[in-house]
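K.L.:
Just passing along the structure, written as structure tokens.
The values are calculated or read from the model by the stated rules, or taken from the named source; none is laboratory data. Because the structure is predicted, anything quoted here is derived from the model rather than measured. Every residue, glycine as well, gets a Cβ built from its backbone with ideal geometry; the counts of neighbours run over all protein chains shown. To get the accessible areas, we keep the full protein, side chains included, count just its heavy atoms, and leave off ligands, DNA and RNA. Shrake-Rupley method; radii C 1.70, N 1.55, O 1.52, S 1.80 Å.
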Amino acid sequence: MTATWTEPGNTPVALLLLGKGSDPASERGVDCPGDLPAPSDPDLVARATAAKAALGDRVFVLGHHYQRDEVIQFADVTGDSFKLAQQAAARPDAEFIVFCGVHFMAESADILTTPQQKVVLPDLAAGCSMADMAVLGQVETAWEHFQDLGIADDVVPVTYMNSSADIKGFVGRNGGVVCTSSNAKRALTWAFEQGSKVFFLPDQHLGRNTAVLEMGFDLDDCVLYDPHKPHGGLTDEQLRDARMILWRGHCSVHGRFTVDSVREVRERVPGVNVLVHPECRHEVVRAADHVGSTEYIIKTLEAAPAGSAWAIGTELNLVRRLALAHPDKQVMFLDRTVCYCSTMNRIDLPHLVWALEELVAGRVPNQITVDGKTAHEARVALDRMLSLP
Ligand code: 13P
Ligand code: SF4
């Protein structure tokens, strides 16, 4: 008998940027106890350098490509989310991992490091609006419906790295895998060897772009599951016929690029190469010349000939850094409107100085910990990703 659908709790408001306190049951958290140095302090660079030197090999600083220049200069390693997960797992000797990135990345680092290591996120308000779009209760409601329909055994859950630890745990205990934007095709190929359908969380665009543009599926093979509608807003027949069940989530930064942005830059800059991240909408990726993760974007620019022109559809800190690194090429932002990731930008130099100085003083600020059961189940899904061929 099919269970009666009840509306799951609303997705919590993503962030309480101006508030105080934290909500341990969500990705939210805004409290940084202690006195942050003033942003105008002219000694911030010297203070960060001194604190890092005092900690020596005890600390390892990871920096995602979307971080500000003022922060990235102190990163021991920079990378996309896949490379940073690998790097976190490869540093068992570092007592502290300071993660200059967002909350779900720091959670993954905690899962992949030893119990003795401590992962620090310099500002707890550095969340991710996309990760917040999939809440465990909503996902479990969807899964129960798949069970009622008799399709759950055919469905393999795949979650993008950009999801909370408990979503990764759900995926791990239900036979699925984590993916990032640099290995989504490999993860989906693996998943379709395990079952005939994939339930892809939480980024509809990465799921659709990978399935249709890289794996030969039709758009009609994909359905969009809306957690705020009964049964996802889908009929039983749609769910039975679908190969890709896409969660209705997206990145608010990459979702801003439009086909008009692509058309407009092509008119303005003849011969321009349009290079976008796969979190962009399907029609934007189709209109672009190249698509790939942040690491792919960086490598493509490095290999590009002098004099070539590039319009990049990803976060602005990275695009600005690429423009400065390649003065012999014309590198521009795909859209005319400025587009930082506001949560990535929460990690600024005062927060980094504060976190490092707290560690020097023997206190561990803003430690990110994932409970043992969730960590164990999420690790299963992360390890499957790290061992993908
Ligand atoms: P990658 O680091 O996997 O390219 O993802 C980009 C992103 O949006 C991270 O939040
Ligand atoms: Fe999340 Fe998008 Fe920001 Fe990445 S760029 S952290 S996906 S909101």
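K.L.:
Label-point separation (nm) for HIS282 and HIS376, each offset 7 Å from Cα along Cα-to-Cβ?
P.N.:
Label at HIS282, label at HIS376, 4.0 nm between them.
K.L.:
While we're on this one: If you take the square roots of the eigenvalues of the alpha-carbon gyration tensor of the range 131-250 and sort them as a ≥ b ≥ c, do you get rounded (a/c under 1.5), prolate (a/b over b/c) or oblate? Kindly include the intermediate steps, with their values, before the conclusion.
P.N.:
Working: a/c = 1.32, a/b = 1.09, b/c = 1.22.
Rounded, since a/c falls under 1.5.
K.L.:
If you don't mind, there's one more thing I want to ask. If you build a Gaussian network model of the chain, linking Cα atoms that sit under 10 Å apart, which residue out of PRO115, PRO350, PRO202 swings the most?
P.N.:
PRO115
K.L.:
Over the range 259-333, with every protein chain in place, what whole percent of the accessible area is carbon and sulfur at 1.4 Å, could you tell me? List each step's numbers first, then the result.
P.N.:
Working: 1700 of 3160 Å².
For the range 259-333, the apolar C and S fraction of the accessible surface comes to 54 percent.
K.L.:
If you place +1 on the Cβ of every Lys and Arg and -1 on the Cβ of every Asp and Glu, how big does the dipole about the Cα centre of the chain come out, in debye to the nearest 20? If you can, show how the numbers build up before the last one.
P.N.:
Numbers: 35 positive and 51 negative charges, 133 e Å.
That gives the chain a dipole magnitude of about 640 debye.
K.L.:
Cα to Cα, under 28 Å, and not fewer than 8 places away if on the same chain: which lysines meet these conditions relative to LYS118?
P.N.:
Filter leaves LYS20, LYS52, LYS83, LYS168, LYS373.
K.L.:
Could you identify which residue out of ASP153, ASP35, ASP221 has the top mean-square fluctuation in a GNM of the chain using Cα springs shorter than 10 Å?
P.N.:
Among ASP153, ASP35, ASP221, the largest GNM mean-square fluctuation belongs to ASP35.
K.L.:
Is the shape of the range 246-370 rounded, prolate or oblate, going by the alpha carbon gyration tensor and its root eigenvalues a ≥ b ≥ c, with a/c under 1.5 for rounded and a/b larger than b/c for prolate? Display every interim value, and only then the final one.
P.N.:
Values: a/c = 2.69, a/b = 1.73, b/c = 1.55.
Taking the square roots of the gyration eigenvalues as a ≥ b ≥ c, the range 246-370 is prolate.
K.L.:
Multiply the residue separation of ASP220 and ASP41 by 0.36 nm, subtract the distance between their alpha-carbon atoms, and state the gained length in nm to one decimal. Provide the component values of the computation, followed by the final result.
P.N.:
Details: separation 179, 0.36 × 179 = 64.44 nm, distance 5.58 nm.
Taking ASP220 through ASP41 to full extension adds about 58.9 nm, to one decimal.
K.L.:
Now, a different point. Could you compute the net charge surrounding TYR160? Neighbours are other residues with a C-beta less than 11 Å from the C-beta of TYR160; K and R count +1, D and E count -1.
P.N.:
Working: positive: LYS168; negative: ASP203, GLU279.
Local net charge: -1.
K.L.:
With a 1.4 Å probe and all protein chains left in place, how much of the accessible area of the range 131-250 comes from carbon and sulfur atoms, in whole percent? Before the final figure, lay out the partial values.
P.N.:
Details: 1670 of 4110 Å².
Of the solvent-accessible surface of the range 131-250, carbon and sulfur hold 41 percent.
K.L.:
Related question: With a sphere of radius 14 Å drawn around the Cβ of ALA287, what net charge do the other residues whose Cβ falls strictly inside it have (Lys, Arg +1; Asp, Glu -1)? Don't skip to the end; give the middle numbers.
P.N.:
Numbers: positive: ARG263, ARG266, ARG281, ARG286; negative: ASP260, GLU264, GLU267, GLU283, ASP289, ASP335.
Spelling it out: positives minus negatives among the neighbours equals -2.
K.L.:
Continuing with the same structure: Scan the range 66-149 for chymotrypsin sites (Phe, Trp or Tyr not before Pro) in coil per DSSP, keeping those whose Cβ has at most 13 other Cβ atoms within 10 Å, and list them by number.
P.N.:
Numbers: sites: TYR66, PHE74, PHE82, PHE96, PHE99, PHE104, TRP143, PHE146; in loops: TYR66, PHE74.
For chymotrypsin sites (Phe, Trp or Tyr not before Pro) across the range 66-149 that sit outside H, G, I, E and B with at most 13 neighbouring Cβ atoms in 10 Å, the list is empty.
K.L.:
So what is the accessible area of the range 99-195 per residue, in Å², with the probe set to 1.4 Å? Intermediate results must be reported in sequence, preceding the final value.
P.N.:
Values: 2520 Å² over 97 residues.
I get 26 Å² per residue for the range 99-195.
K.L.:
Same structure again: What full-extension length gain, to one decimal in nm, is calculated for VAL364 and ASP236 as 0.36 nm per residue of separation minus the Cα-Cα distance? All intermediate terms of the calculation are to be shown ahead of the outcome.
P.N.:
Working: separation 128, 0.36 × 128 = 46.08 nm, distance 5.01 nm.
Extending this stretch completely gives an extra 41.1 nm.
K.L.:
Another question, if that's okay. Positive end of the dipole of the chain, charges at C-beta (+1 Lys, Arg; -1 Asp, Glu), about the Cα centre: which of GLY172, ASN209, ALA152 has its Cα farthest in that direction?
P.N.:
ASN209
K.L.:
Per residue, how large is the accessible surface of the range 218-339? Use a 1.4 angstrom probe and give square angstrom.
P.N.:
Working: 5500 Å² over 122 residues.
Result: 45 Å² per residue.
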